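Scroll down for the structure; my scribbles are underneath it.
The values are calculated or read from the model by the stated rules, or taken from the named source; none is laboratory data. Model, not experiment: these values are computed from the prediction. Ideal geometry is used to build each Cβ from the backbone, glycine not excepted, and the neighbour counts take in all protein chains shown.
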Amino acid sequence: MDVSGNFHKFSYVALALLQSLITCNPALANEEPDGSHLRLITATCYTCHSDNSDKAAIPSLDSRPPGEIKQLLTDYKTDQNQATVMNRIARALTDAEIEGISAMFNKASHE
């Protein structure tokens, strides 16, 4: 069984899902992203960044402070940090969404 091939197929499905969520986002209509929109994006992050991925190539986001998540997403968006998929995902996010996603992870880590 070709595990890497399955992972790549899974990655493309996750990427397509995230891009569809972002494409239908309220920010495109010059509105601030609302909580339900941000929850959908944040939930999509867990497709790859699950809470048990600390031993995997893709790190968990659960213990990361919001400032670090915001900086990582900004670095991916501006190509300061190179990755296979994250640059493409981050480029589709608005600054308001990056701020909101960071805050959502902060809220989730304190619940």
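Below, the figures for the structure above:
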{"read-out": "So residue 93, is it within 13 Å of residue 45 (Cα to Cα) and not in a loop (DSSP other than H, G, I, E, B)", "value": "no"}
{"read-out": "Any chance residue 90 is closer than 16 Å to residue 35 by Cβ and modelled with pLDDT of 85 or more", "value": "no"}
{"read-out": "Selection count where residues are among the aliphatic types (A, V, I, L, M) and exposed (fewer than 13 other Cβ atoms within 10 Å of the Cβ), scope the range 57-71", "value": "1"}
{"read-out": "Top-ranked residue in the range 17-71 [being polar (S, T, N, Q) and part of a helix (DSSP H, G or I); ranked as modelled with the lowest pLDDT]", "value": "53"}
{"read-out": "Tally, over the range 72-86, of residues that are modelled with pLDDT of 80 or more and loosely packed, with under 13 Cβ neighbours inside 10 Å", "value": "4"}
